[in-house]
Amino acid sequence: MGSSFRKTYTVKRMTGGNFINGRYVDNHEPEMLSINASVQSASSYNLGIIQAHLPEGKSISDSRILYTSTELKTVNVAENINADIVIINDKEFEVIKCWPNQNGVINHYRVLVAKK
């Protein structure tokens, strides 16, 4: 989907790691991806979704919604997968939720991110 509203952003994807003494340690340098996305401010509804996915006691300082044709990864402890990190204006935002919108007209993903 080519659109003048989309810009290129960098995504850091951690490719693996192990638990050492109860702490997760990354094995490799992150894989760097380029995606095209439209970035918008997150609504108060989306802030509630972010808060529900954050560890207890952690707060949100900034959040955004991305629209992109690239599926981004969220954290999955059971499968040992780290969430992707999107670089927006030199700041790191962690992927909290990624919803597919594959309607057959303009297929895309709506991605909720929160500042790390």
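Here, each number is a calculation from the coordinates, and none is a lab measurement. Every value quoted in this text rests on a predicted model; they were computed, and no experiment measured them. All Cβ positions, glycine included, derive from the backbone under ideal geometry; neighbour counts span all protein chains shown.
Hey, what angle do you get for helix 44-53 against the long axis of the chain, alpha-carbon based, 0 to 90 degrees rounded to 10? Compared with the principal axis, the helix lies near 20 degrees. A full extension of the chain between L47 and V25 corresponds to an added length of 5.0 nm, given 0.36 nm per residue minus the alpha carbon distance.
Residues within the reach of a label modelled at N89 (point 7 angstrom out along Cα to beta-carbon, backbone nitrogen below 14 Å), restricted to region 32-53, are 39-42. The GluC sites (Glu not before Pro) of region 41-116 that DSSP puts in a loop, and whose beta carbon has at most 11 other beta carbons within 10 Å, are E56, E79.
For region 39-116, what is the relative contact order in percent, using Cα pairs closer than 8 Å and at least 6 residues apart in sequence?
Value for region 39-116: 33 percent.
Under a Gaussian network description of the chain, with springs only between Cα atoms under 10 Å, the residue in A83, A37, A52 that fluctuates furthest is A52. Between E92 and K116, the built amide H atoms are under 5 Å apart, and every one of these is 5 or more places off in sequence or on another chain. So what's the back-of-envelope 222 nm ellipticity for the chain, counting only DSSP H runs of four-plus at -39500 (n - 2.57) apiece and dividing by all residues, rounded to 500? About -2500 deg cm²/dmol.
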